[in-house]
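One structure below.
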Amino acid sequence: MLSHRTTYRVIYGDTDTMGIAYYANYLRWFEIGRTELLRAWGLAYREIEARGVLLPVSEAFCKYMTPAKYDDVLTIEAALDPEIKAGLKIDYRITSADGQTVHAVGHTRHAFLNTEGRVIRPPQFMRDLIRRQGDPPDA
């Protein structure tokens, strides 16, 4: 399972005075997608950090397509880009719950750091976790 979907309802606090989702919230929704992707893999961010590994965002990109509005139910799909070896790249697609409207697409890139803030190679536990996600379900 290299991708995961989660839903989110746009709350009033996510919107501007026109009832349209404020643009920076899409990055928050990317984070929700990423967090739930890792949780679905069986490893919450808290556990990664407890092992002395930090995953700061080194790059973020978002292309806005159709505005999300107050009370819309969104599907946030987060998918690992398996081609990236030195860090993590997560691709996102935010759609209406019925999948008919694409609200935004984008990605984030993450470096692996130790607790001193130094760049490190992807730790073995993360490489193993990612490899398992690409294995067939019965493997």
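The values are calculated or read from the model by the stated rules, or taken from the named source; none is laboratory data. Everything numeric here is computed off the predicted structure, so don't read it as measured data. Here the Cβ is made from the backbone with ideal geometry for all residues, glycine too, and neighbour counts use every protein chain on show.
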Filter result (not β-branched (Val, Ile, Thr) and not in a loop (DSSP other than H, G, I, E, B)) within region 100-123: 103, 104, 106, 107, 109, 110, 113
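Which of the residues that make up region 1-18 are part of a loop (DSSP other than H, G, I, E, B) and surrounded by 13 or more Cβ atoms within 10 Å (Cβ to Cβ)?
The initial filter retains those residues of region 1-18 that are part of a loop (DSSP other than H, G, I, E, B), namely 1-2, 10-11, 16-18.
Answer for region 1-18, where residues must be part of a loop (DSSP other than H, G, I, E, B) and surrounded by 13 or more Cβ atoms within 10 Å (Cβ to Cβ): 1, 2, 10.
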Selected residue (criterion: farthest from residue 32 (Cα to Cα)) from residues of region 65-87 that are assigned to a strand (DSSP E or B) and at pLDDT 95 or above: 69
Residue that is farthest from residue 17 (Cα to Cα) [pool: residues in region 61-81 that are surrounded by fewer than 17 Cβ atoms within 10 Å (Cβ to Cβ) and under 14 Å from the mean Cα position of the chain (by Cα)]: 81
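Hey, could you check region 87-113 for residues that are polar (S, T, N, Q) and more than 15 Å from residue 58 (Cβ to Cβ) and say which is surrounded by the fewest Cβ atoms within 10 Å (Cβ to Cβ)?
Initial filter on region 87-113 (polar (S, T, N, Q)): 95-96, 100-101, 108.
Imposing the further condition that a residue be more than 15 Å from residue 58 (Cβ to Cβ) reduces the set to 95-96, 100-101.
Working: 95: 20, 96: 15, 100: 7, 101: 15.
Filtering region 87-113 for residues that are polar (S, T, N, Q) and more than 15 Å from residue 58 (Cβ to Cβ), the one surrounded by the fewest Cβ atoms within 10 Å (Cβ to Cβ) comes out as 100.
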Residue tally, condition part of a helix (DSSP H, G or I) and either closer than 12 Å to residue 92 by Cβ or touching a Phe, Trp or Tyr at 6+ places or on another chain (Cβ under 6 Å) (or both), over region 39-64: 0
